[in-house]
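Student: Okay, handing you the structure first.
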Amino acid sequence: MVTAKAWALKKHFEGLPKTSDFELKTIELPKLKDGELLLQSVFLSVDPYMRPYSRRDMKEGDIMIGTQVARVVESKNPAFTVGAFVLADRGWRTHFISDGKGLYFLPSPWPESLPRSLALGTVGMPGLTAYFGLLEVCKVKPGETVLVTAAAGAVGSVVGQIAKIAGCKVVGCAGSDAKVAYLKKIGFDEAFNYKTVASLDEALRKASPDGYDCFFDNVGGEFSSIAVNHMKKYGRIAVCGAISQYNTTVLQKGPYIQPPMIFKELRMEGFIVSRWNDRREEGLKALMKWIMEGKVKYHEQVTEGFANMPAAFIGMLQGENLGKAVVKV
Ligand code: NDP
């Protein structure tokens, strides 16, 4: 008999999530039936989407949503051998039983030099978000200037590096001087700390006096309203995330973006990465190749211990992570 631990949503979040909003549960798992396998989570992801989606898709008492890299520890399913690593979508649990449906094998062969946690980050959903958002929504061209927000995070850091591969000038903003230094280290042409600059308007102008062809927006809110005014004519804005608004409890008001949208003839498009599920393999292959060639660098913020899942999640929402926030069980 295996006893799994799992984190449940005890109380819907109001504002920034609190550790008291979560409850640790234990679940006795039954014996495997034919066709089933027992998996153990090795790395779990904490992602911004969990904040808005918990309200949309979950009720109090449900196990927190999320993905993991898991190892097969017992198998009565011939398609999965013991010791194999898969990507699963089974929420914040240490162990779970599966019939094999909805599991993805990690890209194979997985290079020995890379941590398997990258399947939750640069070679996973956030990397794919950067890849398709930049190449298919922004449709960047060589010589263009790209602006990226939450640039030192899981998605943003990959966006900037792919934009460099595509021959663009890249400007990134992030919430600490250490993050700004990291962005310069991985090849961003310009970077600034949006929390400490005297004027966002002035910082955006200084970083690219001619304006921006593309804006990969991870943050939304006030910053985006200001950035829209710095777009070049016919600029493209990929609306990827709005993390500045996920924890707000009061309705925010303008400034409104219609005038620059009209007079600069901009195109703004929201997207969800699953739109390109049928091209997942292509994206993962490209990301893995760039990592192995040293063209895309990665950093992970690894929190040790399943007990610290809520703290890792809350910390990520507050900007404590550099690169992808993951939990090592
Ligand atoms: P990150 O690794 O970037 O972590 C979140 C970061 O957001 C924090 O580190 C923090 O960095 C920044 N942040 C938090 N609050 C604010 C704020 N009020 N203003 C500005 N920045 C803030 O997360 P991901 O890379 O996983 O996700 C980035 C964005 O992309 C999110 O909005 C997410 O919802 C979205 N996303 C969308 C997908 C899609 O399919 N559309 C798929 C995946 C992600 P800092 O220190 O710089 O403030």
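Student: Answer with yes or no whether ARG51 is within 27 Å of THR129 (Cα to Cα) and open to solvent by 60 Å² or more (accessible area, probe 1.4 Å). Steps first, please.
Tutor: Details: within 27 Å of THR129 (Cα to Cα): yes; open to solvent by 60 Å² or more (accessible area, probe 1.4 Å): no.
Answer is no for this residue.
Student: Restricting to the range 296-313, name every residue that is open to solvent by less than 20 Å² (accessible area, probe 1.4 Å) and farther than 18 Å from VAL180 by Cα. Step through it out loud before you land on a result.
Tutor: If we filter the range 296-313 for residues that are open to solvent by less than 20 Å² (accessible area, probe 1.4 Å), which is where we start, we get 296, 306, 309-310, 312-313.
Within the range 296-313, PHE306, MET309, PRO310, ALA312, PHE313 qualify.
Student: With the structure loaded, tell me whether ILE262 is touching a helix residue (DSSP H, G or I) at 6+ places or on another chain (Cβ under 6 Å) and open to solvent by 40 Å² or more (accessible area, probe 1.4 Å) or whether it fails that test.
Tutor: Working: touching a helix residue (DSSP H, G or I) at 6+ places or on another chain (Cβ under 6 Å): no; open to solvent by 40 Å² or more (accessible area, probe 1.4 Å): yes.
Criteria not met by ILE262.
Student: Could you check how many residues of the range 141-156 are open to solvent by less than 10 Å² (accessible area, probe 1.4 Å) and closer than 16 Å to TYR194 by Cβ?
Tutor: 6
Student: Looking at the structure I just gave you, is ALA163 within 30 Å of MET1 (Cβ to Cβ) and part of a helix (DSSP H, G or I)? I'd like the intermediate steps shown before the answer.
Tutor: On the way: within 30 Å of MET1 (Cβ to Cβ): no; part of a helix (DSSP H, G or I): yes.
Against the criterion (within 30 Å of MET1 (Cβ to Cβ) and part of a helix (DSSP H, G or I)), ALA163 does not qualify.
Student: Considering ASP210, ASP189, ASP177, ASP217, which residue is open to solvent by 60 Å² or more (accessible area, probe 1.4 Å) and within 16 Å of the ligand (Cβ to nearest atom)?
Tutor: Values: ASP210 fails: within 16 Å of the ligand (Cβ to nearest atom); ASP189 fails: within 16 Å of the ligand (Cβ to nearest atom); ASP217 fails: open to solvent by 60 Å² or more (accessible area, probe 1.4 Å).
Unique residue meeting the criteria: ASP177.
Student: Still on this structure, please answer the following. Residues of the range 1-41 being part of a strand (DSSP E or B), over 14 Å from MET64 (Cβ atoms) and of a type outside the set (D, E, K, R), which ones?
Tutor: So in the range 1-41, the residues part of a strand (DSSP E or B) come out as 2-9, 22-29, 37-41.
With the extra rule that they be over 14 Å from MET64 (Cβ atoms), the set shrinks to 2-3, 26, 28-29, 37-40.
Of everything in the range 1-41, those that are part of a strand (DSSP E or B), over 14 Å from MET64 (Cβ atoms) and of a type outside the set (D, E, K, R) turn out to be VAL2, THR3, THR26, LEU29, LEU37, LEU38, LEU39, GLN40.
Student: While we're looking at this one, here's another question. Where in the range 228-303 are the helices (runs of 4 or more DSSP H), entirely inside, with at least 3 residues that are within 15 Å of the ligand (Cβ to nearest atom)? Give the steps one after another, and end with the answer.
Tutor: On the way: elements: 243-246, 258-263, 280-292.
Here the list reads 243-246, 280-292.
Student: Among the residues of the range 1-35 satisfying the criterion of being small (Gly, Ala, Ser) and within 22 Å of GLY100 (Cβ to Cβ), which is farthest from the chain's Cα centre (by Cα)?
Tutor: Initially, the range 1-35 is screened for residues small (Gly, Ala, Ser), giving 4, 6, 8, 15, 20, 35.
Subsequent filtering for residues that are within 22 Å of GLY100 (Cβ to Cβ) retains 4, 6, 35.
On the way: ALA4: 26, ALA6: 22, GLY35: 33 Å.
Among them, the one singled out is GLY35.
Student: Sticking with this structure for a sec: Go through the range 131-160 and give me each residue that's part of a loop (DSSP other than H, G, I, E, B) and within 10 Å of the ligand (Cβ to nearest atom). Don't jump to the end; show me each part of the working.
Tutor: Let us first name the residues in the range 131-160 that are part of a loop (DSSP other than H, G, I, E, B), namely 139-144, 149-152.
Residues satisfying the conditions are THR149, ALA150, ALA151, ALA152.
Student: Here's something else I'd like to know. Could you say whether any residue in the range 131-140 is open to solvent by less than 20 Å² (accessible area, probe 1.4 Å), modelled with pLDDT of 95 or more, small (Gly, Ala, Ser) and over 15 Å from GLY235 (Cα atoms)?
Tutor: no
This table checks each residue for (1) modelled with pLDDT of 95 or more; (2) hydrophobic (A, V, I, L, M, F, W, C); (3) within 23 Å of LEU120 (Cα to Cα); (4) over 19 Å from the mean Cα position of the chain (by Cα).
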| residue | (1), (2), (3), (4) |
| --- | --- |
| ALA163 | yes, yes, yes, no |
| ALA166 | yes, yes, no, yes |
| ALA174 | yes, yes, yes, no |
| LYS179 | yes, no, yes, no |
| TYR182 | yes, no, yes, no |
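The values are calculated or read from the model by the stated rules, or taken from the named source; none is laboratory data. Only a predicted model underlies this, so the values are computations on that prediction, with no experimental measurement involved. Here Cβ is always computed from backbone atoms with ideal geometry, including for glycine, and neighbour counts include all displayed protein chains. For accessibility, only protein heavy atoms count, side chains too; no ligands or nucleic acids. Shrake-Rupley method; radii C 1.70, N 1.55, O 1.52, S 1.80 Å.
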